[in-house]
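Every number here is computed from the coordinates shown, using simple stated rules; none is lab data. Predicted model, so just to flag it, every value in this text is computed and none were measured. As a convention, Cβ positions derive from the backbone with ideal geometry for all residues, glycine included, and neighbour counts pool all protein chains shown.
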Amino acid sequence: MLRVESSCLGVTAINSSFLPDFLHRHQLPASYIETVQRWFIPLTEELRLKQKVLNRTLMVGVNGCQGSGKSTLVDFVAEYLSRQEGLSVAVLSLDDFYYSTEKRNQLAESIHPLLRTRGVPGTHDVNLIELVLSQLSKASGEVKLPRFNKAIDNPAPESKWPVVNTPVDIVLFEGWSWGVNAQDDSELSEPQNGLEREQDQKGCWRRYVNEQIVRYYEPLYAQMDHWVMLKAPSFDQVFQWRLEQEQKLARKSSGRANSGVMDEAQVANFVQFFERLTQHALRDLPARCDQVFSLDETRTIVSGKSLPSEN
């Protein structure tokens, strides 16, 4: 159970049976406690109160570019709310809804070769997202939460999916493009980077992605009751953060054949798939979020902005 106390020196300290283990599991420095105390505990309190007012499952969307720390944020919020507040919390990641390699190969052959690479809207099973969100909002029953194995670039066997019992008080749904609206058609005419100039010369791929957002993703966004954003200083930081993620995955996959872990050159190419929508998110999304945490190059929160509560 997490307890916040004020010391005789006026410095607030956090005592917790789970926090040391949390820091260890996520390879976080002790200084992360200050982030928890200043930014994330107030966020959990806001979510708790909002769920109480709504008196139903609270759907929370969390956006952040690759490597921004959104998974860590979501894990902390979930653990805090379940242990401290006694709430039932389900965690979803947009990454866990990617299509299989086989399905993406079919999209690559029928629509555009760039759809072979997981990442952009149009490479997720949106029907499964809709189903799981619907199941989690129901009054009773068991719900399987999908999981994707990035090391093999395919969904994990359904037998490995965790199961939660409903009713669920709060659903935390995070994703790099989760919440990002479609662009205006006029913004699609010019290529964003070398990948688009060389491999999407006619703009078919980016227009398909944009169309998928309008048709399938924006209706799903509308189910979210609360939006949180971890805002990177710029897209330039994404490459370094994404490379760090791959290095962590490499350590976990050490000794495994065909691990699917990318090297530095592959990461540099890979992040170009995400640049257009990440740039769009940095410009467009903050004004539509309930909370925005602005990050520096070290992922340290340098400022926070909250919209006035409607409750």
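Quick notes on this one:
- Between Tyr216, Tyr32, Tyr98, the residue with the greatest mean-square fluctuation in the GNM of the chain (Cα pairs under 10 Å linked by springs) is Tyr32.
- Given the chain, longest segment not containing exposed loop trypsin sites (Lys or Arg not before Pro) (DSSP; at most 14 other Cβ within 10 Å): 57-137
- Only Lys, Arg (+1) and Asp, Glu (-1) charged, at Cβ; the chain dipole about Cα centre in debye: 560
- Listed from fewest to most Cβ neighbours within 10 Å, the set Cys65, Cys289 follows the order Cys289, Cys65.
- Taking Ser71, Ser189, Ser294 in turn, the Gaussian network model of the chain (Cα-Cα springs below 10 Å) assigns the largest fluctuation to Ser189.
- For the chain, the mean residue ellipticity at 222 nm estimated from helices alone is -11000 deg cm²/dmol, where every DSSP H run of n ≥ 4 contributes -39500 (n - 2.57) and the total is divided by all residues, rounded to the nearest 500.
- With 0.36 nm allotted per residue and the present C-alpha distance subtracted, the Tyr216-Gln27 stretch has 64.5 nm of extension available.
- Distance violations [Cα-Cα > 26 Å] among Lys248/Lys305; Lys160/Lys248; Lys70/Lys248; Lys50/Lys160; Lys50/Lys231; Lys103/Lys160: Lys248/Lys305; Lys50/Lys160
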